[in-house]
Amino acid sequence: MPHDAPLLPAIPPNMPQVRHNRFTRWLGRTVLRLGGWRMVGTLPDVPKLVLIAAPHSSNWDGIWGMAAKLALGFDARVLGKSSLFWWPLGLLLHRLGVVPVDRNRPQGVIEQAVELFQHSDRLWFALAPEGTRRPVEHWKTGFWKIASRAQVPVLVAYFHYPERIMGFGPLFHTSGDMQADMAAIRHWYRPWIGKNRGTV
């Protein structure tokens with residue numbers, strides 16, 4: 001990687017951000033630099049969106065993804081089982097942007113995520129569409145349903161291990177045809193290769 005290559009994209013004003021912390025920003029940048037990673041693409045100036053990342057083929061994806069989150073300082077939220085929020089783990093999970101979800105509530109997980117959007121001025125909601133590190137024939141449709149019902153766009157992000165790149169692509173806006181949208185998004189991911197595989 002050339003020394004003058006930009007490590008981080010520009011931060012748009014409407015992106016949800018955590019309170020500025022010089023140490024965590026430095027830590028995230030340092031982890032990415034030591035790992036040889038750089039980030040490419042443009043972060044959209046949008047207050048609400050669903051962020052998906054693929055290919056997800058290794059636990060390392062979470063480490064590099066968290067380093068990017070710290071380096072950029074963006075406030076991305078993910079859902080986690082409410083049973084995990086015991087002290088002191090719950091405090092850490094809250095700090096990392098994990099939102100407890102009650103699987104026993106009459107409303108399903110998708111409805112709880114949509115409700116979260118409805119009660120937030122700014123929210124970037126992140127998840128892995130594959131739902132597992134193993135190759136899958138069909139992606140989970142939860143991210144599409146959340147984006148469609150909350151009427152927010154989908155931001156595609158990718159890991160490309162051969163060149164140590166984490167990138168951001170275009171915004172996808174859902175249509176009334178879930179199958180066509182899912183096929184188009186999955187096709188967009190075909191060039192990118194994860195640690196152990198590409199996108200099937």
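Is it the case, given these coordinates, that residue 116 is of a type in the set (A, V, I, L, M, F, W, C), modelled with pLDDT of 90 or more and either on the phi < 0 side of the Ramachandran plot or not in a strand (DSSP E or B) (or both)? No, not satisfied.
Evaluate the following for residue 166: is it closer than 22 Å to residue 44 by Cβ, under 14 Å from the mean Cα position of the chain (by Cα) and surrounded by 13 or more Cβ atoms within 10 Å (Cβ to Cβ)? Against the criterion (closer than 22 Å to residue 44 by Cβ, under 14 Å from the mean Cα position of the chain (by Cα) and surrounded by 13 or more Cβ atoms within 10 Å (Cβ to Cβ)), residue 166 qualifies.
Of everything listed in (1) farther than 30 Å from residue 134 by Cβ; (2) outside any helix (DSSP H, G or I), the single unmet condition for residue 52 is (1). For the range 159-178, the criterion of being in a helix (DSSP H, G or I), more than 21 Å from residue 63 (Cβ to Cβ) and at pLDDT 95 or above is met by at least one residue. Would you call residue 76 within 19 Å of residue 170 (Cβ to Cβ) and either at pLDDT 90 or above or among the polar types (S, T, N, Q) (or both)? No, not satisfied. Residues considered: 175, 120, 148. Of these, the only one that is more than 18 Å from residue 51 (Cβ to Cβ) and among the hydroxyl-bearing types (Ser, Thr, Tyr) is 175. Checking the stated criteria, residue 155 turns out not to satisfy the condition of being at pLDDT 95 or above, surrounded by fewer than 17 Cβ atoms within 10 Å (Cβ to Cβ) and in contact with a strand residue (DSSP E or B) (Cβ under 9 Å, 6 or more places away or on another chain). In the range 55-70, the residues that are under 18 Å from residue 192 (Cβ atoms) and in a helix (DSSP H, G or I) form Cβ pairs under 8 Å with partners that are among the charged types (D, E, K, R) and modelled with pLDDT of 85 or more, at six or more places apart or across chains, as follows: 60/195; 61/195.
Which of the numbered conditions does residue 34 fail, given that it passes all the others? Conditions: (1) modelled with pLDDT of 90 or more; (2) in contact with a Lys or Arg (Cβ under 7 Å, 6 or more places away or on another chain). Of the numbered conditions (1) modelled with pLDDT of 90 or more; (2) in contact with a Lys or Arg (Cβ under 7 Å, 6 or more places away or on another chain), the odd one out for residue 34 is (2). Taking only pairs six or more apart or across chains, which ones have beta-carbon atoms under 9 Å, a first residue in the range 1-25 that is at pLDDT 85 or above, and a second residue that is of a type in the set (Lys, Arg) and assigned to a loop (DSSP other than H, G, I, E, B)? Close Cβ pairs satisfying both conditions: 14/122; 15/122; 16/122; 17/122.
If the condition is being surrounded by fewer than 17 Cβ atoms within 10 Å (Cβ to Cβ) and touching a residue at least 12 places away in the same chain (Cβ under 8 Å), then the range 169-185 contributes 170, 171, 173, 178, 184.
Contact map, the range 135-154: first residue on the phi > 0 side of the Ramachandran plot, second residue of a type outside the set (A, V, I, L, M) and in a helix (DSSP H, G or I), Cβ cut-off under 9 Å, separation 6 or more or different chains; pairs are 151/117.
The values are calculated or read from the model by the stated rules, or taken from the named source; none is laboratory data. Computed from a predicted model, the values in this text were never measured in an experiment. Cβ sites come from the backbone with ideal geometry, for glycine too, and all protein chains shown count toward neighbours.
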